[in-house]
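Asks: The structure that follows is given in the form of structure tokens.
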Amino acid sequence: MNTNLFYTFLLLFLFALLARWFKSKEAEWLGSLGEYKVRKEINKIEESSEKYKSFHDLYIPKQDGSTSQIDHIILSDHGLYVIETKNYSGWIFGDETSKYWTQVIYKRKEKFLNPIFQNKGHIKALRNWLGEEFAHIPIHSVVVLLPRAKFKSEIHFSNAYVIYPKQLKQVLEQHRTSEIDGETKQQLIRKLETVIAKNKQQQKEIKKRHVQTIQTNRKQEDRYIQQNRCPKCGSALVIKNGKYGKFKCCSTYPKCRFTQKIR
Ligand SMILES: [Zn+2]
């Protein structure tokens with residue numbers, strides 16, 4: 001074999017390896033590029049006015065001990081915007097109520113979970129975690145698609161926005177009612193800052209702290225019940241006979257609906 005031919009083959013072989021590696025990394029790179037673009041748009045909005053404050057990569061504690069991850073939250077003077085970023089390409093078909101959306105790329109069809117549903121779950125977790133104190137604050141759902149995805153469904157969404165990064169500011173400026181006062185806004189900022197993860201270590205710590213809180217609450221609840229006090233309102237508990245055996249319930253029922261089976 002002559003040496004020239006050998007080097008040609010070697011070069012071709014190396015090139016093929018390189019191409020495969022690029023292909024395997026493509027999704028990851030495009031993903032972070034998309035995330036970067038959305039982040040840039042949010043930063044621009046935040047710098048444009050004092051009334052906007054943004055939070056990235058939040059881990060919201062849930063009742064069952066797990067956490068709900070939120071890409072971005074923007075707080076304005078009129079409410080909270082929960083943003084879910086989606087790095088799709090190709091044509092996207094979907095509506096508000098079906099469980100799955102469809103992506104069509106090079107004649108290949110793929111189904112994926114409706115991001116509005118997904119964001120609804122995030123908002124529910126956020127609502128629960130924020131609690132009574134912030135129950136009056138409006139929360140809006142925003143799904144951001146990247147420009148390389150073409151959204152093909154002509155639908156007006158009533159409970160969410162499905163937009164491209166450039167439309168974000170326009171969405172934020174649509175809501176001008178229910179002004180949040182400065183003090184409440186500061187409290188919200190302080191609370192949201194406790195669940196931001198700047199790295200993997202912080203992610204772990206947030207989750208750990210959360211599990212500990214749940215355990216402490218459960219212990220305290222048990223102590224109350226042992227003392228025949230309602231853990232919800234502090235009133236006395238009474239024992240009743242039910243279809244499935246005896247149970248303890250709050251003496252103020254139906255004002256407070258706490259019940260617990262006696263084991
Ligand atoms: Zn009670």
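The values are calculated or read from the model by the stated rules, or taken from the named source; none is laboratory data. Just so you know, these numbers come straight off a predicted model, no measurement behind them. Cβ sites come from the backbone with ideal geometry, for glycine too, and all protein chains shown count toward neighbours. Accessible surface areas use protein heavy atoms only, side chains included; no ligands, DNA or RNA. Shrake-Rupley method; radii C 1.70, N 1.55, O 1.52, S 1.80 Å.
Asks: Would you mind getting me the FRET efficiency between residue 178 and residue 48? Use the beta-carbon distance for r and R0 = 25 Å, nearest 0.05.
Replies: Once rounded, the FRET efficiency stands at 0.70.
Asks: So, one more: How much length would be gained if the chain were fully extended between residue 40 and residue 148, taking 0.36 nm per residue of separation minus their Cα-Cα distance, in nm to one decimal?
Replies: 37.2 nm
Asks: Starting from the Cα of residue 69, move 7 Å in the Cα-to-Cβ direction to define the label point; list residues of the range 18-62 whose amide nitrogen is under 19 Å from there.
Replies: 25-40, 55-62
Asks: Ok, one more. In the range 1-108, which chymotrypsin sites (Phe, Trp or Tyr not before Pro) are in a loop and have at most 15 other Cβ atoms within 10 Å, using DSSP for the loop call?
Replies: Answer in residue order: 106.
Asks: Further question on the same structure: What does the convex hull of the Cα atoms of the chain come to per residue, in Å³, rounded to a whole number?
Replies: Looking at the chain, the number lands at 243 Å³ per residue.
Asks: If you don't mind, there's one more thing I want to ask. Once you have the Cα-Cα distance between residue 243 and residue 25, take 0.36 nm times their residue separation minus that, and quote the gain in nm to one decimal.
Replies: Extra length from residue 243 to residue 25 when fully extended: 72.6 nm.
Asks: Evaluate the distance, in nm, between pseudo-label points positioned 7 Å from the Cα of residue 193 and of residue 9 along their respective Cα→Cβ axes.
Replies: 6.5
Asks: If you bin every alpha carbon distance in the range 33-105 into 10 Å steps from zero, what whole percent lands in each bin?
Replies: 16, 35, 35, 14, 0
Asks: Once you've got the Cα coordinates, tell me which of 44/207; 99/204; 166/207; 107/150 are over 23 Å apart.
Replies: Listed pairs above 23 Å: 44/207; 99/204; 166/207.
Asks: Total Lys pairs in the range 209-261 closer than 21 Å by alpha-carbon, pairs eight or more apart in sequence or interchain only?
Replies: Lysine pair count for the range 209-261: 15.
Asks: Within the range 31-117, what whole-number % of the accessible surface is contributed by carbon and sulfur, with the 1.4 Å probe and all protein chains included in the calculation?
Replies: Result for the range 31-117: 51 percent of the exposed heavy-atom area is carbon or sulfur.
Asks: Of the accessible area of the range 209-261, with the probe set at 1.4 angstrom, what percent is carbon plus sulfur?
Replies: Carbon plus sulfur share of accessible area: 47 percent.
Asks: Counting heavy atoms of the protein chains only and a 1.4 Å probe, report the per residue accessible area for the range 209-261 as a whole number of Å².
Replies: 78
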